Amino acid sequence: MKSDRAEGAEAITISVVIPVYNDAEFLRTCLRALSQQRRQADEIIVVDNASTDATATIAHSYGVRVVTEPLRGIWPATSAGYDAAIGDVIARLDSDSVPPVDWLERIEATFSRQPATAVYTGPGEFYGCGPVTAWLGDHVYIGGYFIWMGLWLGHYPLFGSNFAMRREVWATNRGRVRRRSNDVHDDLDFSMHLGPDDTVTLDRTLRVAISSRPFETAGGLGRRVTWAGRTLFSGWPEYSPWHIRRRAADSRARAHRRGHEARA
């Protein structure tokens, strides 16, 4: 799978990870969009999270790699995909994500030309709903997530339907996150555990289409809000904002001391 790279840009490989539970038809649309990318993925990993529908069949029909994770939950499934990925960069989509044709091309350009970039994320645009719901989803639901969680964490959070990271970021943090928990948001939990050098770059123009399913029922939206609260508060005080920022500051201070001692 070849791509046109800018002269002098670093050549990188990209793995795309998609955790799936009983979302066969959404997955078909997502994989079709990936097959139409101007810059093709070097590997696509579909994590079948004990699905009982045609998820695995559809994944195999597109020739992608299928990893099975029997422990139900978004974090167990996603972390299994990250563990399996071999690309220099690991990109993440949900099964209902529909990336534009230049999604991987832009990810490659960012990581190739900006060596300091550790994590690159963007928002989503809701489909399958009316214009009012789409506007609220964009400006209140997702926009609010980036604003309020950014204030909480001291840096931008990851958006699980649309982000990419260097493989080293996962290697460094895989033992810190609550990867076997099936009742927390994986992207928010990951954001809470990132190291001080794992700078998150938010690009509001890096957008993918995502399903409006969170707004279809009050119960579905309430479940997501409950999970967010559990992700933020179940580990207090260890996961409180001041502890998160203090750990980052302590880590930076240790790195500074090591650098000073090395130069001495």
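Collect the residues in segment 123-154 that are hydroxyl-bearing (Ser, Thr, Tyr) and touching a Ser or Thr at 6+ places or on another chain (Cβ under 9 Å), keeping them in residue-number order.
Those that are hydroxyl-bearing (Ser, Thr, Tyr) and touching a Ser or Thr at 6+ places or on another chain (Cβ under 9 Å): 127, 133.
Just for segment 151-161: of the residues that are in contact (Cβ under 8 Å) with a residue 40 or more places away in the chain and either open to solvent by 20 Å² or more (accessible area, probe 1.4 Å) or out of contact with any Gly (no Cβ under 6 Å at 6 or more places or on another chain) (or both), which one is nearest to residue 210 (Cα to Cα)?
First, the residues of segment 151-161 that are in contact (Cβ under 8 Å) with a residue 40 or more places away in the chain: 152-158, 160-161.
Within this subset, residues satisfying the condition of being either open to solvent by 20 Å² or more (accessible area, probe 1.4 Å) or out of contact with any Gly (no Cβ under 6 Å at 6 or more places or on another chain) (or both) are 152-158, 160.
Working: 152: 25, 153: 25, 154: 26, 155: 24, 156: 20, 157: 18, 158: 15, 160: 11 Å.
The extreme case among them is 160.
Rundown of residues vs (1) modelled with pLDDT of 95 or more; (2) farther than 25 Å from residue 38 by Cβ, yes/no style:
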{"residue": "59", "(1), (2)": "yes, no"}
{"residue": "65", "(1), (2)": "yes, no"}
{"residue": "74", "(1), (2)": "no, yes"}
{"residue": "77", "(1), (2)": "yes, yes"}
{"residue": "85", "(1), (2)": "yes, no"}
{"residue": "97", "(1), (2)": "yes, no"}
{"residue": "104", "(1), (2)": "yes, no"}
{"residue": "109", "(1), (2)": "yes, no"}
{"residue": "113", "(1), (2)": "no, no"}
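Say whether the condition of being open to solvent by less than 30 Å² (accessible area, probe 1.4 Å) and at pLDDT 90 or above is met by at least one residue in segment 126-133. Before the answer, list the steps.
Quick first cut of segment 126-133, residues open to solvent by less than 30 Å² (accessible area, probe 1.4 Å) only: 126.
Narrowing further to those that are at pLDDT 90 or above: none.
Scanning segment 126-133 turns up no residue that is open to solvent by less than 30 Å² (accessible area, probe 1.4 Å) and at pLDDT 90 or above.
What strands (runs of 3 or more DSSP E) completely inside segment 54-140 contain at least 1 residues that are free of Cβ contacts under 8 Å to residues at least 60 places away in the same chain and either at positive phi or among the basic types (Lys, Arg) (or both)? Can you show your working first?
On the way: elements: 65-68, 89-92, 119-121, 124-127.
Ranges flagged: 65-68.
Given the structure, is residue 50 on the phi > 0 side of the Ramachandran plot, in contact with a strand residue (DSSP E or B) (Cβ under 8 Å, 6 or more places away or on another chain) and open to solvent by 20 Å² or more (accessible area, probe 1.4 Å)?
Details: on the phi > 0 side of the Ramachandran plot: yes; in contact with a strand residue (DSSP E or B) (Cβ under 8 Å, 6 or more places away or on another chain): yes; open to solvent by 20 Å² or more (accessible area, probe 1.4 Å): yes.
The answer is yes for residue 50.
Which of the residues belonging to segment 113-142 are farther than 20 Å from residue 158 by Cα and not basic (Lys, Arg)?
Looking only at segment 113-142, we keep the residues that are farther than 20 Å from residue 158 by Cα, and these are 113, 127-135.
Result: 127, 128, 129, 130, 131, 132, 133, 134, 135.
The values are calculated or read from the model by the stated rules, or taken from the named source; none is laboratory data. If you're wondering where the values come from, they're calculated on a predicted model, not measured in any experiment. Ideal geometry is used to build each Cβ from the backbone, glycine not excepted, and the neighbour counts take in all protein chains shown. Note: accessible area is taken over every heavy atom of the protein model, side chains too, but ligands, DNA and RNA are not part of it. Shrake-Rupley method; radii C 1.70, N 1.55, O 1.52, S 1.80 Å.
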